[in-house]
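Chemist: I'd like to ask some things about the structure below.
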Amino acid sequence: MKRMNLLRLVFLLLAIAHSSALAQGGQVTQEPDTAIRYYNKGVEHYRSGQYNEAVEDFQQAIRFRLDWAEAHNSLGVAYIDAGLPLEAVKSLRQAIHLKPGLAEAHRNLGQAYYMLGRYQEAAEAFKQAIQLRPDYAMAFNDLGAAYNELGLYTEAIESLKRALRFQPDYAETYNNLGTSYLRMGRYTESVEFFKRAVNIGPQLVEAHNSLGIAYYNVRRYQEAAEAFGKAISLKPEYTAAHFGLGATYVALRDRGAALKQYRILQSLDMDLARNLFNGVYKGMLLVVPNK
C-alpha cells in the first residue's frame, strides 16, 4: 500500500476525462479551465512520483472548484503516497461527503486508516467500497489485509479468495493469503501462496521474506536461505530478512555465514543482532517472527 498504486493512477487519469466533461457541461462557474489545468499538473507530478508537488496542484484545483469530489479524492491519494495519512483522511472524507457513491474514495480512505493502524475503521471503509462495487477486487484484497491485522484470518482468507475471483493475477493478494496461513501456523499452505506471489511479482520483497519464514518453519532451510537472500538482494537493509537468513544458517550449522549476518545486523538493529548472537553461540534454534 505504500508504493505507487497503478490502479489509483488509472483512476486519476480517468478523472481528467471527467474534468473535461465538467468544463464542457456548463456546471462549473469558478474558472473551470484553471482548475482542470492544476488537476492535470497534479496527475503528471503524481505519475512521476513527485507526491508533494501533486498535493499542491490538487489543492490549487480545489481552490478553483470547491465541490469537485474527484479532486478531493486525488488529493487524498497524493497525501497517502506522500506519507501523510491524517491529511488524506480529511480529503477523502470530503470527497465522500460530496459524492457518497465514489467507491474509490472509500477504498482510499480505508488505505489511509490502514496506514494509521486503525484497522477496524479501514475494514469498514473497504466494506463500503465493496457495497458500492461488488466486483471491486482491490477492495476485497485490502479488506483481507485489514482482517489479517485484526487477527481475523478466516475472514481474511474468504475476502482474499473473492479478490482472486475478480483479479486472479494480483501478486499482493497471494502474498496476503500466504500471510493469513502463516499466522495461523499452516506453513505448508502458506508456502504455496508465497510462491505464487513471487512468481507473479518477483520484485515483491515482503513476499520473498515471508516465503523464507514459511520454509524455515517447515525446516526446508536451504530454500529458506534462498528466499531470504532474494529479499536482501531487493532490499539490502531489510533487517528481518538478514535475521531470517542468519537464523537459517544457525539451523544449518553454518556458524561463519550466520556470523556474517550478525555483523550486518549490528549496524542495522542491535536487538535482532543480539538474538542472532544467542543462536550462534548458545545453539538456540531461533524463532523467526511471522509478522
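Read-outs: derived from the displayed coordinates by stated rules, not from any lab. Being a predicted model, the structure only gives us computed values, none of them experimental. Methodologically, a virtual Cβ is constructed for each residue, glycine included, from the backbone with ideal geometry; neighbour enumeration extends over all protein chains shown.
Chemist: Any residue in segment 60-85 that's of a type outside the set (A, V, I, L, M): show its pairings with residues that are in a loop (DSSP other than H, G, I, E, B) and crowded, with 24+ Cβ neighbours inside 10 Å at Cβ separation under 9 Å, as long as the two are six or more apart or on different chains.
Modeler: If the second residue must be in a loop (DSSP other than H, G, I, E, B) and crowded, with 24+ Cβ neighbours inside 10 Å, no pairs are left.
Chemist: If you take the residues in segment 133-162 that are touching a Gly at 6+ places or on another chain (Cβ under 6 Å) and hydrophobic (A, V, I, L, M, F, W, C), which one is surrounded by the fewest Cβ atoms within 10 Å (Cβ to Cβ)?
Modeler: Ranking the candidates gives Ala156 first.
Chemist: Quick check on segment 88-109. Is at least one of its residues without any contact (Cβ under 8 Å) to a residue 40 or more places away in the chain, hydroxyl-bearing (Ser, Thr, Tyr) and within 18 Å of Ala145 (Cβ to Cβ)? Spell out the reasoning first.
Modeler: Filtering segment 88-109 for residues without any contact (Cβ under 8 Å) to a residue 40 or more places away in the chain gives 88-103, 105-107, 109.
Then keep just the ones that are hydroxyl-bearing (Ser, Thr, Tyr); that gives 91.
Next cut, within 18 Å of Ala145 (Cβ to Cβ) only: none.
No, because not a single residue in segment 88-109 is without any contact (Cβ under 8 Å) to a residue 40 or more places away in the chain, hydroxyl-bearing (Ser, Thr, Tyr) and within 18 Å of Ala145 (Cβ to Cβ).
Chemist: Then there is this: Taking Gly49, is it touching a residue at least 12 places away in the same chain (Cβ under 8 Å) and farther than 18 Å from Lys99 by Cβ? Steps first, please.
Modeler: Details: touching a residue at least 12 places away in the same chain (Cβ under 8 Å): yes; farther than 18 Å from Lys99 by Cβ: yes.
Against the criterion (touching a residue at least 12 places away in the same chain (Cβ under 8 Å) and farther than 18 Å from Lys99 by Cβ), Gly49 qualifies.
Chemist: Determine whether segment 247-256 contains at least one residue that is assigned to a helix (DSSP H, G or I) and under 25 Å from Tyr174 (Cβ atoms).
Modeler: First pass over segment 247-256, keeping only residues assigned to a helix (DSSP H, G or I): 247-251, 255-256.
Keeping just the survivors that are under 25 Å from Tyr174 (Cβ atoms) gives 247-248.
Yes, because at least one residue in segment 247-256 is assigned to a helix (DSSP H, G or I) and under 25 Å from Tyr174 (Cβ atoms).
Chemist: Here's another thing I want to ask about it. Select from segment 88-120 the residues that are surrounded by fewer than 17 Cβ atoms within 10 Å (Cβ to Cβ) and under 18 Å from the mean Cα position of the chain (by Cα) and write down the one among them that is nearest to Asp67 (Cα to Cα).
Modeler: Taking the candidates together, the pick is Leu116.
Chemist: Kindly indicate which of Ser190, Ser180, Ser210 is under 20 Å from Ala137 (Cβ atoms) and among the polar types (S, T, N, Q).
Modeler: Working: Ser190 fails: under 20 Å from Ala137 (Cβ atoms); Ser210 fails: under 20 Å from Ala137 (Cβ atoms).
Just one listed residue meets the conditions, Ser180.
Chemist: Looking at (1) over 25 Å from Phe126 (Cβ atoms); (2) surrounded by 16 or more Cβ atoms within 10 Å (Cβ to Cβ); (3) in contact with a Phe, Trp or Tyr (Cβ under 9 Å, 6 or more places away or on another chain), can you tell me which one Arg63 breaks?
Modeler: Failing condition for Arg63: (2).
Chemist: Looking at segment 163-184, which of its residues are hydroxyl-bearing (Ser, Thr, Tyr) and surrounded by fewer than 24 Cβ atoms within 10 Å (Cβ to Cβ)? Let's see the steps before the verdict.
Modeler: Step one: list which residues in segment 163-184 are hydroxyl-bearing (Ser, Thr, Tyr), which gives 170, 173-174, 179-181.
Across segment 163-184, the qualifying residues are Tyr170, Tyr181.
Chemist: Those residues that are within 16 Å of the chain's Cα centre (by Cα) and either aliphatic (A, V, I, L, M) or closer than 18 Å to Asp81 by Cα (or both), I need them from segment 127-149; list them, please. Working first, answer last.
Modeler: Within segment 127-149, the first condition is being within 16 Å of the chain's Cα centre (by Cα), and the residues that meet it are 137-149.
Matches in segment 127-149: Ala137, Met138, Ala139, Asp142, Leu143, Ala145, Ala146.
Chemist: Same structure again: Could you list all residues from segment 212-241 that are in contact with a helix residue (DSSP H, G or I) (Cβ under 7 Å, 6 or more places away or on another chain), of a type in the set (Ser, Thr, Tyr) and farther than 19 Å from Tyr181 by Cβ?
Modeler: Of the residues in segment 212-241, the ones in contact with a helix residue (DSSP H, G or I) (Cβ under 7 Å, 6 or more places away or on another chain) are 212-218, 221, 223-225, 227-232, 234-235, 238-241.
Subsequent filtering for residues that are of a type in the set (Ser, Thr, Tyr) retains 215-216, 221, 238-239.
Hits for segment 212-241 are Tyr221, Tyr238, Thr239.
Chemist: Give me the helices (runs of 4 or more DSSP H) completely within segment 155-222, filtered to those with at least 1 residues that are touching a residue at least 60 places away in the same chain (Cβ under 8 Å), ordered by residue number.
Modeler: Values: elements: 171-183, 187-200, 205-217.
Answer list for segment 155-222: 171-183, 205-217.
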